[in-house]
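Student: After the structure tokens below, expect a handful of questions from me.
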Amino acid sequence: MATKTYQVQGMTCGHCVSAVSSELGAVAGVTDVQVDLASGQVTVTSDAPLETETVRAAVDEAGFELVGA
Ligand SMILES: [Cu+2]
């Protein structure tokens with residue numbers, strides 16, 4: 001199990017949280033996604049450590065920007 005917290009920019013409401021959660025949740029090996037809207041912190045739990053670029057692509061797909069990992 002691997003857990004890592006990322007910083008995502010641009011989320012403003014529950015809809016944004018759902019978009020990020022579902023895109024990240026669809027990444028292979030991801031078992032849990034926790035989003036803190038106020039801080040923009042997204043904590044991802046996965047079977048194995050994820051490539052930052054994989055996470056970046058999923059966040060981008062959701063319409064937001066990964067600004068820190
Ligand atoms: Cu929103």
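The values are calculated or read from the model by the stated rules, or taken from the named source; none is laboratory data. Nothing here was measured: the structure is a model prediction, and the numbers come from that model. All Cβ positions, even for glycine, are placed from backbone atoms using ideal geometry, and neighbour counts span all protein chains on display. Just the protein is used for accessible areas: all its heavy atoms, side chains included, with ligands, DNA and RNA removed. Shrake-Rupley method; radii C 1.70, N 1.55, O 1.52, S 1.80 Å.
Student: What's the number of the condition residue 34 fails, among (1) within 15 Å of the ligand (Cβ to nearest atom); (2) out of contact with any helix residue (DSSP H, G or I) (no Cβ under 7 Å at 6 or more places or on another chain)?
Tutor: Residue 34 satisfies every listed condition except (1).
Student: Here is a further query. For the subset of region 1-20 comprising residues that are in a loop (DSSP other than H, G, I, E, B) and within 16 Å of the ligand (Cβ to nearest atom), which member is most open to solvent (accessible area, probe 1.4 Å)?
Tutor: Our first condition is that a residue be in a loop (DSSP other than H, G, I, E, B); within region 1-20, this holds for 1, 10-13.
Filter again for within 16 Å of the ligand (Cβ to nearest atom), leaving 10-13.
On the way: 10: 48, 11: 23, 12: 109, 13: 56 Å².
Result: 12.
Student: Tell me, please, whether a residue that is under 11 Å from the mean Cα position of the chain (by Cα) and touching a residue at least 40 places away in the same chain (Cβ under 8 Å) can be found in region 21-36.
Tutor: Yes, region 21-36 contains a residue that is under 11 Å from the mean Cα position of the chain (by Cα) and touching a residue at least 40 places away in the same chain (Cβ under 8 Å).
Student: Do we find that residue 17 is under 15 Å from residue 64 (Cβ atoms), of a type in the set (Val, Ile, Thr) and in contact (Cβ under 8 Å) with a residue 40 or more places away in the chain in this structure?
Tutor: Judged against the criteria, residue 17 is not a match.
Student: Any residue in region 49-69 that's part of a helix (DSSP H, G or I): show its pairings with residues that are among the small types (Gly, Ala, Ser) and open to solvent by 70 Å² or more (accessible area, probe 1.4 Å) at Cβ separation under 6 Å, as long as the two are six or more apart or on different chains.
Tutor: From residues that are part of a helix (DSSP H, G or I), the pairs are 52/69.
Student: Another question, if that's okay. How many residues does region 21-48 hold that are part of a helix (DSSP H, G or I) and loosely packed, with under 15 Cβ neighbours inside 10 Å?
Tutor: 2
Student: In addition: May I ask you to verify whether residue 27 is within 15 Å of the ligand (Cβ to nearest atom), farther than 15 Å from residue 67 by Cα and touching a strand residue (DSSP E or B) at 6+ places or on another chain (Cβ under 9 Å)?
Tutor: Considered against the rule, which asks whether it is within 15 Å of the ligand (Cβ to nearest atom), farther than 15 Å from residue 67 by Cα and touching a strand residue (DSSP E or B) at 6+ places or on another chain (Cβ under 9 Å), residue 27 comes out as no.
Student: Has region 29-48 got at least one residue that is touching a Leu at 6+ places or on another chain (Cβ under 9 Å) and of a type outside the set (Val, Ile, Thr)?
Tutor: Yes, there is a match, as at least one residue in region 29-48 is touching a Leu at 6+ places or on another chain (Cβ under 9 Å) and of a type outside the set (Val, Ile, Thr).
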